[in-house]
Amino acid sequence: MRRLLLRIPPRLLSIPLIALFFVAPARATISYQLSLAHPEQHTFHVKMTIPDVKDSVAVQMPAWNALYEIRDFASHVRQVKAANESGPLPIEKLDKQTWRITGGGTIVISYDTFWDEPGPFATQLNPEHAFINPAMILMYVPDRRSEISNVSILDIPEGWHVATPIFLGIEFTPMTWRFKPSTYDGIADSPFEIGKFDRFELPELSPKISVVIHGKMEKRQDFETKLAQICKYELSLMGGAPYEKYLFIFHVGEGAGYGGMEHANGTAIAAPNENVLLSISAHEFFHLRNVKRIRPASIGPVDYTKEQYTKSLWFAEGVTSTYERYALVRTGIWPKNVFYAEIGRRIGELEARPANAWQSAEQSSLDTWFEKYPIYGNPDHSVSYYTKGSILGVLLDLWIREQANNAQSLDDMMRAMNEQFGKTGKPYRDREDLEAACSQTARISCKEFFDNYVSGSKPFPYDAYFAFAGLKIRRVVHTSPQIGTQTSFEISEDEGANEKQKRIRAGILTGTTEKAAAVAH
Ligand SMILES: [Zn+2]
């Protein structure tokens with residue numbers, strides 16, 4: 001079924017902000033009103049109402065969210081004002097992201113914030129659309145983040161529609177669009193796409209998965225079919241859906257930005273063309289377990305004011321990339337040769353960086369906050385935890401299958417993590433719980449693997465490990481005056497592989513194990 005949702009009635013247009021300034025919320029709860037008036041000015045007009053203030057209240061703007069990077073969203077904020085029923089109130093700025101308002105009762109804070117950056121990690125308002133990562137434009141009260149708050153959006157241009165993962169149980173009055181009340185962190189995790197977009201639901205998926213596309217897509221039917229295949233595969237792998245409904249927001253076209261951002265009940269993805277959308281989708285959809293629900297204790301609860309250090313991004317991001325490629329080959333969207341070539345390419349990418357000799361997967365995770373400095377991207381300074389982690393995922397899988405005679409796999413480790421942490425909401429302790437889940441799955445200690453390749457930076461044992469699956473790695477050295485010497489890694493199937501090697505190879509490619517076969521051994 002395809003449908004367009006949420007046509008905005010013209011009577012909602014151009015509600016003067018002043019008329020709403022002192023309208024008390026229906027219940028005594030923090031509420032946000034967001035005006036999109038004059039989108040050509042790229043400025044959101046925000047009004048935050050805070051009830052039950054005793055003598056003073058501090059409000060903060062996050063320094064970061066989503067990307068592990070200090071971006072100081074307060075630098076976009078202008079003209080902060082505050083008032084209560086008695087009139088304007090004094091405001092003191094305490095640091096780069098904190099304001100203190102002196103006064104009591106119900107306090108209304110208003111400010112403008114300018115945003116015109118494309119992409120899933122940013123926020124943009126222009127005559128084409130609005131895309132909002134709420135943590136970039138909404139302030140919070142530090143000790144009231146867990147309070148259930150309301151968001152309303154006003155002055156939506158005529159003909160624009162609204163899509164957001166928290167758009168359940170919408171409450172509509174002539175003056176406001178009010179979204180499902182949520183905590184600040186819940187609101188921060190629900191991006192909004194507001195504009196003229198195409199919206200449809202993926203076939204044969206329950207609970208519903210909706211797709212919103214802003215931009216042009218040439219092969220939409222084909223894309224829709226394949227995206228549904230990926231979602232079905234990943235849901236079956238992890239034992240069903242952990243959401244009531246899920247939303248994909250796609251921005252496609254030149255200038256749309258690039259990348260994908262995971263959220264608990266949706267994702268926002270952008271790319272200049274549609275070719276890469278499926279692999280980004282496979283990655284982001286897997287995040288709905290790995291990182292959104294199977295979550296390291298080191299990054300929760302979020303501290304929006306400063307860096308939050310975790311050693312687990314190699315697993316949260318890198319192993320999610322392993323599954324992005326597994327999903328593509330296991331659904332048949334990629335032939336196996338494309339899968340082998342992709343792994344070979346990633347190994348080449350990692351091995352070309354001198355920093356691989358000393359920067360471990362855990363260190364790369366901790367140093368993610370350096371990524372905004374150009375020097376850190378230098379091959380002598382860093383490796384990517386995406387690349388190193390995605391290869392570690394394959395090596396772990398090969399090792400577990402070898403130890404367990406292909407009766408257990410990385411899939412079982414993921415499912416064990418999901419049972420223990422994803423479903424219970426308990427966060428995992430970085431290496432400690434990952435190593436325990438690995439050892440429990442492989443039925444042998446994974447300590448040495450973690451010492452050598454996760455916490456340590458020993459060279460990866462490609463030949464020995466790929467041989468577990470009857471795969472050979474050929475190193476091809478290229479030399480030219482322009483690029484110097486480069487080594488590429490070509491993975492191929494060993495014709496002489498034995499039965500066990502063939503079974504492990506088939507297991508990697510199809511996601512199967514042989515629990516029955518293991519019992520016989
Ligand atoms: Zn990711």
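FYI, it's all coordinate maths here, none of it is from the lab. Every value quoted in this text rests on a predicted model; they were computed, and no experiment measured them. Using ideal geometry, Cβ is built from the backbone for each residue, glycine included, and neighbour counts are taken over all protein chains shown.
Here are some notes:
- Overall, the anisotropy analysis places segment 397-451 in the oblate class: the square-rooted eigenvalues a ≥ b ≥ c of its C-alpha gyration tensor yield a/c not less than 1.5, with a/b not exceeding b/c.
- Against the rule of thumb 2.2 N^0.38 Å, how large the Cα Rg of segment 199-286 comes out: 1.00
- The residues Tyr304, Tyr184, when put in order of fewest to most other Cβ atoms within 10 Å, stand as Tyr304, Tyr184.
- Lys pairs, segment 199-286 - Cα-Cα below 18 angstrom, 8 or more residues apart or on other chains: 5
- Only Lys, Arg, Asp and Glu carry charge here, each on its Cβ (+1 for the first two, -1 for the last two); on that basis the chain has a dipole of about 820 debye about its Cα centre.
- Unpaired cysteine residues in the chain (no second Cys Cβ under 4.7 Å): Cys231.
- Estimated FRET transfer efficiency when R0 is 22 angstrom, pair Gln41-Ile91 (beta carbons, to 0.05): 0.40
- Using the Cβ-Cβ distance between Ser480 and Asp72 with R0 set to 51 Å, the FRET efficiency from 1/(1 + (r/R0)^6) comes to roughly 0.75.
- In the chain, taking the dipole from charged Cβ atoms about the Cα centre, the farthest positive-side position among Pro242, Leu350, Gln79 is held by Pro242.
- Counting charges near Arg431 (Lys, Arg +1; Asp, Glu -1) among other residues having Cβ under 11 Å from its Cβ returns a value of -3.
- Gyration tensor verdict on segment 313-520 (Cα atoms; rounded if a/c is under 1.5, prolate if a/b is larger than b/c, oblate otherwise): oblate
- Within segment 313-520: Cβ-based charge dipole about Cα centre, in debye rounded to nearest 20 (Lys, Arg +1; Asp, Glu -1): 360
- Global form of the chain, assessed from the alpha-carbon gyration tensor, a/c cut-off 1.5: prolate
- Put in order of Cβ neighbour count within 10 Å, fewest first, the listed residues Thr513, Thr387 become Thr513, Thr387.
- Order of Cys446, Cys438 under a 10 Å beta carbon neighbour criterion, fewest first: Cys446, Cys438
- Relative contact order (%) - criterion: Cα under 8 Å, at least six apart; region: segment 199-286: 28
- Relative contact order (%) - criterion: Cα under 8 Å, at least six apart; region: the chain: 12
- Between Thr487 and Ser146, the FRET efficiency from the beta-carbon distance, with R0 = 45 Å, is close to 0.30.
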